[in-house]
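Read through the structure below, which is laid out as structure tokens, and then see the notes.
The values are calculated or read from the model by the stated rules, or taken from the named source; none is laboratory data. No experiment lies behind these values; they were computed from the predicted model shown. Don't worry about glycine lacking a Cβ; one is built from the backbone with ideal geometry, like all the others, and counts go over all protein chains shown. Surface accessibility is based on the protein's heavy atoms, side chains included, excluding ligands, DNA and RNA. Shrake-Rupley method; radii C 1.70, N 1.55, O 1.52, S 1.80 Å.
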Amino acid sequence: MRQKRAWLFKRGSQVTNFVDVPVITHDAALEAVRVAIDEGAKRGVLVSVAIVDPSLGLVAFGKANGATPHSVETSRRKANGAASTRRATGWMPDALAVTLPLGTGNLITNIPGGFPIKYEGKVVGGLGIAGGTVEQDAEVAAATIAAIGADAE
């Protein structure tokens, strides 16, 4: 009889068959979408908002009435970039800002407006804002992170 081979991971001195990954709840993600749309409205910007988990799965999405169609995908790519690099988008040097999106099939972007969502120092997802200028998107994202009580960058 063949034995099953278990893949084991070492956590400190303990061996386990799994890794705990903190993930934003749908309630928190939906609240972040609402807050971001309101923050955009305060600035006269019609935004699209994407919230992804650390594995880049879409948890919540919303767009203000009248937001541009292309901002839908751009917000998702900003959220993906922030979640996967665990940094606000816009940090990459030029060479990486071109090659990393190409290497991921354009799943991520370096355009400012994406922020990792962290609670207690743990990345639980990514937030992406699109619809305004890059400065406006980054401002709305930063205001949203502050308003939902997430850790600041």
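Summary of values
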{"read-out": "Sole residue being surrounded by 23 or more Cβ atoms within 10 Å (Cβ to Cβ) and at pLDDT 95 or above, chosen from Gly128, Gly149", "value": "Gly128"}
{"read-out": "Filtered residues of segment 66-82 (kept if touching a residue at least 24 places away in the same chain (Cβ under 8 Å) and open to solvent by less than 70 Å² (accessible area, probe 1.4 Å))", "value": "Ala67, Thr68, Ser71, Val72, Thr74, Ser75, Lys78, Ala79, Asn80, Gly81, Ala82"}
{"read-out": "Inter-residue pairs, beta-carbon under 7 Å, first more than 18 Å from Gly125 (Cα to Cα) and of a type in the set (A, V, I, L, M, F, W, C) and in segment 84-102, second assigned to a loop (DSSP other than H, G, I, E, B) and open to solvent by less than 80 Å² (accessible area, probe 1.4 Å), 6+ apart", "value": "Met92/Asn110; Ala97/Asn110; Leu100/Met92; Leu100/Ile108"}
{"read-out": "Leading residue by the ranking (farthest from the chain's Cα centre (by Cα)) among those in segment 84-109 that are open to solvent by 70 Å² or more (accessible area, probe 1.4 Å) and within 14 Å of Glu73 (Cβ to Cβ)", "value": "Asn106"}
{"read-out": "Any pair with Cβ under 7 angstrom, 6 or more apart, that starts in segment 31-58 at a residue that is open to solvent by 70 Å² or more (accessible area, probe 1.4 Å) and ends at one that is part of a strand (DSSP E or B) and not aromatic (Phe, Trp, Tyr)", "value": "Leu58/Ala50; Leu58/Val52"}
{"read-out": "Enumeration of residues in segment 110-119 that are open to solvent by 50 Å² or more (accessible area, probe 1.4 Å) and assigned to a loop (DSSP other than H, G, I, E, B)", "value": "Ile111"}
{"read-out": "Search result, residues across segment 120-153 that are closer than 13 Å to Ile37 by Cα and part of a strand (DSSP E or B)", "value": "Leu127, Gly128, Ile129, Ala130"}
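Listed here are the residues, each with its yes/no results for (1) within 22 Å of Pro22 (Cα to Cα); (2) touching a Phe, Trp or Tyr at 6+ places or on another chain (Cβ under 6 Å); (3) outside any loop (DSSP other than H, G, I, E, B).
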site	(1), (2), (3)
Leu46	no, no, no
Pro54	yes, no, no
Glu73	no, no, yes
Ala82	yes, yes, yes
Leu100	no, no, yes
